[in-house]
1. Calculate what fraction, in whole %, of the accessible area of the stretch 247-286 sits on carbon and sulfur atoms when a 1.4 Å probe is rolled over the protein chains.
2. Per residue, how much accessible area does the stretch 1-133 have with a 1.4 Å probe, in Å²?
3. Order LEU114, LEU2, LEU241 by their accessible area, 1.4 angstrom probe, all chains in place, largest first.
4. Starting from the 7 Å offset along Cα-to-Cβ, what nm value, one decimal, do you get for the label separation of GLU104 and TYR142?
5. Going by accessible area, probe 1.4 Å, with all protein chains left in place, what is the ranking of SER3, SER82, largest first?
6. Let me make sure I get this right: for the stretch 17-112, a, b and c are the square roots of the gyration tensor eigenvalues over alpha carbons, sorted descending. Under 1.5 in a/c it's rounded, otherwise prolate if a/b > b/c, else oblate. Which is it?
7. With a cap of 12 neighbouring Cβ atoms within 10 Å, and only residues DSSP puts in a loop, list the GluC sites (Glu not before Pro) found in the stretch 76-108.
8. Could you pull out every one of the aspartates and glutamates with an alpha carbon less than 12 Å from that of LYS169, ignoring same-chain neighbours closer than 8 positions?
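The values are calculated or read from the model by the stated rules, or taken from the named source; none is laboratory data. Because the structure is a prediction, the values reported are computed rather than measured. Positions of Cβ are backbone-derived with ideal geometry, glycine not excepted, and every protein chain shown enters the neighbour counts. Surface areas here come from the heavy atoms of the whole protein model, side chains and all, with no ligands, DNA or RNA. Shrake-Rupley method; radii C 1.70, N 1.55, O 1.52, S 1.80 Å.
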Amino acid sequence: MLSRVADSLYWINRYVERAENISRFLEVSEAMALDCPPGSAEPWVPLIDASGDRELFDKLFPEGRPADVVRFLVNEPGNPSSIVNCIAFARENARQIREVITTEMWEQINDLYLILQESEGFWQLPGQEQLNEIRKGCQLFYGITDATLSRDLSWQFSKLGRLVERADKTSRILDVKYYLLLPSTEEVGGVLDELQWISLLRSAGAYQMFRQSQQQAIAPKAVAAFLLLDPIFPRSVRYCLEGLNKSLRVIRGNPVPGPPDDLECLAGLMLANWSYVRIDELVNRGLHEAIDQFQGDLNRLHELINERYFVLPTPSPATVAVPPTTPLPSASTSSLACAPA
């Protein structure tokens with residue numbers, strides 16, 4: 001497979017996953033804002049911290065009002081990770097490799113792009129309905145991809161991008177609650193505290209599955225264990241790391257004699273670290289510090305994937321010069337792989 005094709009497949013799925021996550025975060029925050037008592041911390045600005053774009057947001061919107069947060073995350077042109085920009089970048093990558101993806105995949109991402117770019121009626125809908133339509137459009141793209149794309153290398157690179165982005169956002173939204181929204185001692189276990197934990201689970205699409213697996217009162221430690229260490233929930237960090245390792249093994253093909261390379265070592269160590277650790281140990285060591293370390297490892301993992309599969313080697317002087325390819329949106333328009341922790 002050509003490096004540019006693999007790169008586009010990886011970034012199409014990262015961008016769609018990012019757009020779907022942001023739309024869900026905003027949906028839940030709007031609902032939570034209605035239940036927050038007067039004077040309590042509003043659930044808006046922490047979304048900027050969860051996306052890793054606080055510096056850019058403060059530069060564009062110094063006042064930091066709720067409406068500014070929504071605009072920044074949904075359709076701000078100056079934010080490369082806004083929903084509208086994510087879908088535009090995903091569509092551009094898909095356009096460049098239309099011969100590789102299925103017709104149904106192209107039609108879905110193109111339809112979603114046209115709705116966000118050209119449909120005046122869409123932007124006149126209530127905010128909750130806009131976000132709901134965006135989320136459903138992204139999920140429909142996942143379903144079409146799963147139903148129509150052959151399980152070859154195209155599928156593996158698609159899955160790789162989706163899982164990297166998903167692990168990133170799950171860990172970030174948990175870190176925001178545990179670290180940035182940590183309530184005072186008096187509020188721990190109170191109504192507002194429980195409301196925030198429920199909102200966190202809904203932000204990760206995990207509320208019902210958590211209730212089924214943990215038939216007890218919502219406790220912070222149980223929520224953290226579910227989102228980080230559950231082996232079967234598809235948005236948990238552990239599940240994503242297992243999927244990443246499986247895809248990387250398929251992409252590598254037959255094992256090469258000798259010691260594992262940096263990419264194989266890091267992917268294996270990350271999976272081992274998050275598969276054989278107990279939540280009590282993570283909390284005692286410092287959950288924020290553990291998630292911060294995970295974010296750094298995930299950034300490094302992305303860099304190694306990029307170096308191995310997406311960056312073309314520099315030709316030697318003896319080789320015939322080849323005209324440069326057109327730069328992809330993933331390289332020229334996205335300022336972040338996994339946003340710095």
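1. Taking all protein chains in place, the stretch 247-286 shows 54 percent carbon and sulfur surface.
2. Averaged over the residues of the stretch 1-133, the accessible area is 43 Å².
3. Values: LEU114 60, LEU2 105, LEU241 5 Å².
Greatest to least solvent exposure: LEU2, LEU114, LEU241.
4. With each label point 7 Å from Cα toward Cβ, the separation is 1.7 nm.
5. SER3, SER82
6. prolate
7. Values: sites: GLU92, GLU99, GLU104, GLU107; in loops: GLU99.
Loop-located and lightly packed - GLU99.
8. Filter leaves GLU17, GLU20, ASP49.
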